[in-house]
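Down below is the structure, laid out as structure tokens.
The values are calculated or read from the model by the stated rules, or taken from the named source; none is laboratory data. The shown structure was predicted, so the numbers you read here are calculated from the model rather than taken from an experiment. Note that we place each Cβ from the backbone using ideal geometry, even for glycine, and neighbour counts take in every protein chain shown.
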Amino acid sequence: MKKSMNLLEGPIFKTLMKLALPIMGTSLIQMAYNLIDMIWIGRIGASAVAAVGSAGMYMWLSNGISTLAKMGGQVCVGQAIGSNQKKQATQYASATIQLGIIFGLLYGILTLLFYKPMIGFFNLTSTEVIYQAEIYLIVTCGFVVVNFINQIFTSLMTAIGNSHHPFIATTVGLILNIILDPLLIFTFNMGVPGAAIATVISQIIVMLMMIYYARKDSILFDEMKIWVMNPYSIYSKIMKIGLPTGLQSLCFTFISMVIARFIAGYGDVAIAVQKVGSQIESISWMSAEGFGNALNAFVAQNYGANNIERVKKGTYSALKTCIIWGIFTTAVLFIFPQMIFQIFITEKDVIPLGVDYLQILAFSQLFMCIESTLAGTLNGLGKTFIPSSVSVILTAARIPLVMILSSTVLALNGIWWAISISSIAKGLVIAICYYFVMKKIYLIRQ
């Protein structure tokens, strides 16, 4: 049952596309999970969207915790496979799964203990919205370990050039979610909790399929002993590489939560607009992030094999593709904002706010694509500190920008401009960093 690709030889663009397309498909399917929830929840009303949006911030926050393990694991496994060290690659893989399970269980327990103050952070005004947000948080984050395991299996399979099986598993999960969402939300009249339960059930099925595929693998997982402790150095290296990216994700989410408090000052409707709008525009950066993950695996293996020229060519090939995609999504969001937004929320007083959001964020889509792509290369090289630092610093700059711009006549739109401007800056700075990193590598290798 061999689905892994040889990333060290063959035509670069074809190899990258064969690896990237399933990953991008997986990312788009993951986004579709959220969009489908938004479509059905939007039919309940803007208050329900606000509840899910607030609670969903903590699912987003959990991604930073899982990234501590999955990023380090993917890079370490990829470089070990590239240098033909299977035993070491297997140790990295088992250690990554172990860390993911521990982190997921701890996060779930903390959520069950502190769900009230977690939702209270957003200063929501409606009692009904608060109640729905608490229920959604308990269900989704209470079972977050399942999501952690799925993310880690996806990253490890990608590291060995197998993006096909995660795509199949995630597709099955999406189809199940499409069936369960309206069934639980409306037929069984469960509302917001029904959406949460549908998501968890779908994720459990995905996890079982991932485990099945891993048991059939003969490249990495066949010799893995999940219940055996690995040398301390294995865990240490995974955490050392994964820590910057994990902290980046955590900081990004926390900053977004702070900004969400500013948005809440404009009412629950503004929160709903931001939640739906961010899900819509994620079609660009999640696609680019999928390409970045493929590039991560490609670069890690080729860097491990000391093939720097192939790293450079692969990066340029991926970058050209993502630039085209970024320009396309910019045009779509700017030209057709109302047509897209009203798919999710049909309330007439909300739609103009959604149109403003999508048109303002449209300006940053190309730069977000550039950031995600080049971050994939830098992470594959093991230089995770650089893209993480750029992201944290410039994302943090959103807070003073929000305070300044929202106090002008722009009001709520000032918040959207702060987000868009910082994303443009991140794309430009990461491109400069990539140039100097590659220049330094070439000088060292000469």
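Take ALA331 and tell me if it is in a helix (DSSP H, G or I), modelled with pLDDT under 90 and of a type in the set (A, V, I, L, M). It is false that ALA331 is in a helix (DSSP H, G or I), modelled with pLDDT under 90 and of a type in the set (A, V, I, L, M). Does LEU137 satisfy the condition of being of a type in the set (A, V, I, L, M, F, W, C) and surrounded by fewer than 21 Cβ atoms within 10 Å (Cβ to Cβ)? Considered against the rule, which asks whether it is of a type in the set (A, V, I, L, M, F, W, C) and surrounded by fewer than 21 Cβ atoms within 10 Å (Cβ to Cβ), LEU137 comes out as no. Just one residue in the set THR321, THR346 is of a type in the set (S, T, N, Q) and in a helix (DSSP H, G or I); that residue is THR321.
Okay, residues lined up against (1) under 21 Å from the mean Cα position of the chain (by Cα); (2) touching a residue at least 24 places away in the same chain (Cβ under 8 Å); (3) over 16 Å from VAL258 (Cα atoms):
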residue: VAL390; (1), (2), (3): yes, yes, yes
residue: ALA411; (1), (2), (3): no, yes, yes
residue: GLY414; (1), (2), (3): no, no, no
residue: GLY427; (1), (2), (3): yes, yes, yes
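Let's see how each residue does on (1) surrounded by 18 or more Cβ atoms within 10 Å (Cβ to Cβ); (2) at pLDDT below 95; (3) polar (S, T, N, Q):
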site	(1), (2), (3)
ILE343	no, yes, no
VAL350	yes, yes, no
GLY354	yes, yes, no
THR384	yes, yes, yes
SER391	yes, yes, yes
ALA411	no, yes, no
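Taking region 198-241 as the range and being more than 26 Å from the chain's Cα centre (by Cα) and either among the small types (Gly, Ala, Ser) or on the phi > 0 side of the Ramachandran plot (or both) as the test, the residues that pass are SER218, SER233. A residue that is closer than 22 Å to GLU134 by Cβ, of a type in the set (Ser, Thr, Tyr) and surrounded by fewer than 24 Cβ atoms within 10 Å (Cβ to Cβ) occurs somewhere in region 28-35. If you check THR408, THR373 for being closer than 18 Å to SER249 by Cβ and of a type outside the set (Gly, Ala, Ser), only one passes: THR373. Residues in region 232-255 that are of a type in the set (Ser, Thr, Tyr) and more than 24 Å from TYR58 (Cα to Cα): TYR232, SER233, TYR235, SER236. The number of residues in region 173-197 being at negative phi and in contact (Cβ under 8 Å) with a residue 40 or more places away in the chain comes to 13. Taken over region 119-154, the criterion of being in a helix (DSSP H, G or I), more than 21 Å from the chain's Cα centre (by Cα) and of a type outside the set (Val, Ile, Thr) is satisfied by GLY120, GLU128, TYR131, GLN132, ALA133, GLU134. Mind checking which residues of region 364-384 are more than 20 Å from LYS320 (Cβ to Cβ) and out of contact with any Leu (no Cβ under 9 Å at 6 or more places or on another chain)? Within region 364-384, GLY382, LYS383 meet the criteria. The residues on offer are VAL269, VAL311, and the sole one that is aliphatic (A, V, I, L, M), surrounded by fewer than 22 Cβ atoms within 10 Å (Cβ to Cβ) and touching a helix residue (DSSP H, G or I) at 6+ places or on another chain (Cβ under 8 Å) is VAL269. Being in a helix (DSSP H, G or I), over 14 Å from GLN151 (Cβ atoms), at pLDDT 90 or above and touching a Gly at 6+ places or on another chain (Cβ under 8 Å) is a description that applies to TYR92. All conditions in (1) more than 25 Å from SER27 (Cβ to Cβ); (2) at pLDDT 95 or above; (3) crowded, with 19+ Cβ neighbours inside 10 Å hold for THR111, with the sole exception of (1).
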